[in-house]
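Step one of this worksheet: look at the structure below.
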Amino acid sequence: MDSDWKKATVGWSFDGASVMLGSQNGAAAKLKAMIKGYCAAIHGVAHVEQLGNADAFKEVDYYEEWKEIMQEVYNYYHKSGKKRHGLEAIGRELLEDVLKLSGSHGIRWAAAQLRTIRALITDLPSIAVDLEKTAKSEVCF
């Protein structure tokens, strides 16, 4: 007996990866084989929009440089709880709310990119003081 989803399904929306939309062995092809009747598999609208955003960002001066800097800052603090704790302590001293830094790797949704930019801009005073303090402590004995 067919389950309800097999009768009710009329289509899917996936990202464009071949593992999803592949005509031979993709998820869409496998699901279509399980359905009785017509089903449409389309490239997700939000994913297509994000790919367009990513192409547009490439046209912005300094975007790649910003992305690399953001990733370096993220890696520096993300990989060390001690460094993150130190940044938060400096933020409290400066009466700043330190936001959660995130990486800039891979395809990022526009909302995630906005949060990443906002976190870097908001945290920049605390980051600058923390890095200055770290540099001075490494030079001075």
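The values are calculated or read from the model by the stated rules, or taken from the named source; none is laboratory data. The structure displayed is predicted, hence computed values, not measured ones. Reconstructed Cβ throughout: ideal geometry from the backbone, glycine too, with neighbour counts over all protein chains shown. Areas reflect the complete protein model, heavy atoms only, side chains present, ligands, DNA and RNA absent. Shrake-Rupley method; radii C 1.70, N 1.55, O 1.52, S 1.80 Å.
Rundown of residues vs (1) among the hydrophobic types (A, V, I, L, M, F, W, C); (2) touching a residue at least 12 places away in the same chain (Cβ under 8 Å), yes/no style:
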residue	(1), (2)
Ser13	no, yes
Ile42	yes, yes
Gly86	no, yes
Ala89	yes, no
Arg92	no, no
Q: Look at Lys133 and say whether it is assigned to a helix (DSSP H, G or I), open to solvent by 80 Å² or more (accessible area, probe 1.4 Å) and either touching a strand residue (DSSP E or B) at 6+ places or on another chain (Cβ under 8 Å) or in contact (Cβ under 8 Å) with a residue 24 or more places away in the chain (or both).
A: yes
Q: Specify which of the listed residues (Glu68, Glu96) is modelled with pLDDT of 80 or more and open to solvent by 90 Å² or more (accessible area, probe 1.4 Å).
A: Glu68
(Q) Let me confirm something: among Ile121, Ile90, Ile42, which residue is surrounded by 12 or more Cβ atoms within 10 Å (Cβ to Cβ), β-branched (Val, Ile, Thr) and in a helix (DSSP H, G or I)? (A) Ile90
Q) Taking into account only those residues within the stretch 71-87 that are among the polar types (S, T, N, Q) and surrounded by 13 or more Cβ atoms within 10 Å (Cβ to Cβ), which is nearest to Thr116 (Cα to Cα)? A) Gln71
Q: Please work out if Glu59 is under 20 Å from the mean Cα position of the chain (by Cα) and not in a helix (DSSP H, G or I).
A: yes
